[in-house]
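Peer 1: Just passing along the structure, written as structure tokens.
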Amino acid sequence: MSFLSKRYRDQKDMNKGRQAEDSKSEAGVNVFLSRALHHLANIQDELHMFYCLPKREVRVQLVLDSNDKMKVFEGFRVQHNNALGPYKGGLRYHPTASMQHFRTMASLMTWKCALVGIPFGGAKGGIACDPKALTAEELETLTKKYVEQMMPIIGPKIDVPAPDMGTNAQVMAWVYEEYSKMHGDEPAVVTGKPLELSGSFGRESATGNGVAYIAKWATEASELSLSNAKIVIQGFGNVGQFAAKKLVELGAQVVAISDSSGGVYSSSGLNVEKLLEFKNYEKGSLNEWDGECEKITNEDLMQLECDLLVPAALGNVITDINANAIKAKMIVEGANDPISAEAQDFLESKGVVIIPDILANAGGVLVSYFEWAQNLQHFQWNVEKVEENFREMLKKAWKETAEKHRSLKVNYRTAAYCIALERVHKASQLRGYHG
């Protein structure tokens with residue numbers, strides 16, 4: 001068997017399980033959308049398909065010649081809806097990346113942007129690869145080949161990518177450079193860039209900080225108090241790290257955190273600052289941490305008794321299989337699509353309050369919008385202006401969702417989807433897409 005056919009077979013086998021999960025995720029998002037449609041009398045049920053299906057899907061082949069070996073990768077971009085403005089969404093580099101997964105994520109981006117009131121639609125894409133297995137040179141070449149292939153469908157007024165899992169500010173810099181070769185200097189083509197290349201203050205911390213602020217406001221609206229609340233965070237990447245740091249600043253107590261290697265737990269609270277230093281400067285995995293704590297598995301972590309659980313890693317981590325073991329009083333979704341529709345129904349029947357991803361982790365796309373606006377003006381805001389606008393717009397989205405939650409007597413997710421769907425529907429009508 002040739003190298004390429006073996007690699008293709010291995011990739012196909014690895015993706016089977018993930019594709020089944022992605023199919024459930026896509027169905028779950030559409031279930032949430034259907035529930036919102038049920039509460040909106042001005043939108044016909046027949047339009048369900050219009051809002052579920054993406055407008056465009058693109059798959060490209062990317063070839064690397066490295067050390068006399070040819071490596072073939074698949075690249076994807078799904079553009080879901082652009083009624084409110086240019087498509088917007090991250091670039092994910094992960095071995096299990098698939099078109100089906102990006103359909104779900106692109107749809108979530110549409111509703112997220114609409115909910116927080118920014119002029120973007122939803123998109124998502126990336127490359128099926130393991131970035132850790134590639135050299136920096138290979139990663140740069142692969143990124144620039146992806147941009148070259150996607151050139152006709154991205155741009156500051158068409159589709160604006162951003163960082164996601166497996167990508168970072170450096171990758172966004174390569175996107176900026178490759179696109180500018182054909183179009184002149186265009187920093188607004190991508191967000192999440194380094195500050196030195198027209199990036200924005202506050203972008204790196206935005207998603208995690210947003211999770212923490214939403215948690216604060218949500219607990220204030222419930223019988224919980226964030227002060228000394230026991231917090232469990234699943235995932236210690238960018239979102240989990242900044243959420244943990246900000247939650248401690250706001251008075252909460254983080255008792256458990258995990259990464260892909262496992263988790264650490266202390267009933268009296270973890271030293272988040274030391275964990276951050278260990279993770280980022282000593283480059284350690286949490287299962288190697290020798291501080292005062294108990295080592296636990298990711299499965300154990302999800303089942304801990306706590307006031308607030310923050311899933312902040314991959315999606316689909318709480319399903320009908322493990323929902324009955326969840327003991328949190330409130331869940332704030334730091335990750336995209338972490339809870340299945342069946343699991344949500346079960347948890348809410350037990351009185352668990354769930355704050356949805358399209359609100360809780362919208363901080364990242366808010367500051368991405370600020371970066372895009374700054375790039376179009378060729379003017380960089382100071383950190384105070386970014387923070388002021390960030391909190392103001394996120395607080396407004398929270399208040400609107402909470403009010404819809406009360407007025408319709410629905411859960412927070414349905415309330416959020418109702419607001420987003422109304423805005424996209426109105427924009428679609430005004431543009432003449434239908435009805």
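The values are calculated or read from the model by the stated rules, or taken from the named source; none is laboratory data. Computed from a predicted structure; not experimentally measured. In this analysis, Cβ positions are derived from the backbone assuming ideal geometry, glycine residues included, and neighbour counts consider all displayed protein chains. Keep in mind that these areas ignore ligands, DNA and RNA; they rest on the heavy atoms of the full protein, side chains included. Shrake-Rupley method; radii C 1.70, N 1.55, O 1.52, S 1.80 Å.
Peer 1: Return the residue satisfying two criteria in turn: it lies in the stretch 79-102 and is farther than 24 Å from Glu140 by Cβ, aliphatic (A, V, I, L, M) and touching a Gly at 6+ places or on another chain (Cβ under 9 Å), and of such residues it is surrounded by the most Cβ atoms within 10 Å (Cβ to Cβ).
Peer 2: Per the stated criteria, the residue is Leu84.
Peer 1: Of all residues in the stretch 334-372 being assigned to a helix (DSSP H, G or I) and of a type in the set (Ser, Thr, Tyr), which is farthest from Asn168 (Cα to Cα)?
Peer 2: Ser349
Peer 1: A further question on this structure: Just need a number here: residues in the stretch 270-314 that are touching a Ser or Thr at 6+ places or on another chain (Cβ under 6 Å) and either closer than 22 Å to Ala212 by Cβ or hydroxyl-bearing (Ser, Thr, Tyr) (or both).
Peer 2: 5
Peer 1: Taking the stretch 300-315 on its own, how many of its residues are in a loop (DSSP other than H, G, I, E, B), touching a Lys or Arg at 6+ places or on another chain (Cβ under 7 Å) and surrounded by 22 or more Cβ atoms within 10 Å (Cβ to Cβ)?
Peer 2: Looking only at that region, the number is 0.
Peer 1: What number of residues in the stretch 156-181 are part of a helix (DSSP H, G or I) and of a type outside the set (A, V, I, L, M, F, W, C)?
Peer 2: Looking only at that region, the number is 7.
Peer 1: If I filter the stretch 373-411 down to residues being of a type outside the set (Lys, Arg), open to solvent by 80 Å² or more (accessible area, probe 1.4 Å) and part of a helix (DSSP H, G or I), which single residue comes out as nearest to Tyr213 (Cα to Cα)?
Peer 2: Glu392
Peer 1: Ok, one more. From Ser368, Ser428, which residue is surrounded by fewer than 21 Cβ atoms within 10 Å (Cβ to Cβ) and out of contact with any Leu (no Cβ under 8 Å at 6 or more places or on another chain)?
Peer 2: Only one candidate passes the filter, namely Ser428.
Peer 1: Now, a different point. Please pick out the residue among Met109, Met151, Met165 that is modelled with pLDDT of 95 or more and within 16 Å of the chain's Cα centre (by Cα).
Peer 2: It is Met109.
Peer 1: Another question, then. Can you tell me which residues in the stretch 39-69 are in contact (Cβ under 8 Å) with a residue 40 or more places away in the chain and among the aliphatic types (A, V, I, L, M)?
Peer 2: Leu40, Ile43, Leu47, Val58, Val60, Leu62, Val63, Leu64
Peer 1: What are the residues in the stretch 258-299 that are among the acidic types (Asp, Glu), within 22 Å of Asn238 (Cβ to Cβ) and open to solvent by 20 Å² or more (accessible area, probe 1.4 Å), if any?
Peer 2: If the condition is that a residue be among the acidic types (Asp, Glu), within 22 Å of Asn238 (Cβ to Cβ) and open to solvent by 20 Å² or more (accessible area, probe 1.4 Å), then Glu273, Glu277, Glu282, Glu288 are the ones that fit.
Peer 1: Taking into account only those residues within the stretch 182-208 that are free of Cβ contacts under 8 Å to residues at least 24 places away in the same chain and in a loop (DSSP other than H, G, I, E, B), which is farthest from Asn389 (Cα to Cα)?
Peer 2: Step by step, filter the stretch 182-208, then rank; the result is Gly184.
Peer 1: When the residues of the stretch 35-66 are filtered to those that are part of a strand (DSSP E or B) and acidic (Asp, Glu), which remaining residue is least open to solvent (accessible area, probe 1.4 Å)?
Peer 2: Glu57
Peer 1: Asn324 fails exactly one of the following numbered conditions: (1) within 25 Å of Gly364 (Cβ to Cβ); (2) in contact with a helix residue (DSSP H, G or I) (Cβ under 9 Å, 6 or more places away or on another chain); (3) in a helix (DSSP H, G or I); (4) without any contact (Cβ under 8 Å) to a residue 40 or more places away in the chain. What is the number of that condition?
Peer 2: (1)
Peer 1: Report the residue count in the stretch 383-402 for those that are within 12 Å of Ala218 (Cα to Cα), over 20 Å from the mean Cα position of the chain (by Cα) and not small (Gly, Ala, Ser).
Peer 2: So the count comes out to 1.
Peer 1: Which of the numbered conditions does Tyr433 fail, given that it passes all the others? Conditions: (1) within 20 Å of Thr110 (Cβ to Cβ); (2) open to solvent by less than 20 Å² (accessible area, probe 1.4 Å).
Peer 2: It fails just one condition, (2).
Peer 1: Continuing with this model, one more query. Please identify the pairs in which a residue from the stretch 103-127 that is open to solvent by 10 Å² or more (accessible area, probe 1.4 Å) has its Cβ atom under 6 Å from the Cβ atom of a residue that is among the acidic types (Asp, Glu), counting only partners at least 6 apart or on another chain.
Peer 2: Arg103/Glu26
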